[in-house]
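One structure below.
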């Protein structure tokens, strides 16, 4: 995460409590991993196009332009979820009273799509397919390849790609 505080904006992205007042937390709550271990931190999984569209409307610009550990920018990942049916995002919410209140995306599941290279589970060379996936999905703001890039089957049996930035 890149952090640049300045005198004109003493908060990371917005005044404390913005994840609740903006409605962002309510959008994410149905996707939280349960039980929640901390009141100010929650992981989520399975965010699709409808939630991505809502988040694009309510998140502060500064949060949208941020990225998690060299992953693509948040706005780019949200737009990718909107544009590619079945693609889902995972990440976490940091809420007040923490000073670094934000929403971060650190992973995505991409179902097998015609414009993507076909996934082949258990193939150790799948990591080398990152550049093809990056171009096909338009994830050009990524500062590095994901820590994990592998073909797998989701819980419902859908074959696809898993990308994750630690």
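Please treat every number below as a calculation from the coordinates, not as lab data. Because the structure is a prediction, the values reported are computed rather than measured. FYI the Cβ positions are ideal-geometry reconstructions off the backbone, even for glycines, and counts take in every protein chain you see.
Most tightly packed first, judged by the mean number of other beta-carbon atoms within 10 Å of their residues, the peptides 22-35, 96-109 read 96-109, 22-35.
Here the spin labels are modelled as points 7 Å beyond Cα on the Cα-Cβ line, and at residue 156 and residue 85 they lie 1.2 nm apart. With respect to the chain, whose longest principal axis is taken over its alpha-carbon atoms, helix 74-83 is tilted by about 50°.
The angle between the Cα long axis of helix 49-58 and the longest principal axis of the Cα atoms of the chain comes to about 30 degrees, rounded to the nearest 10.
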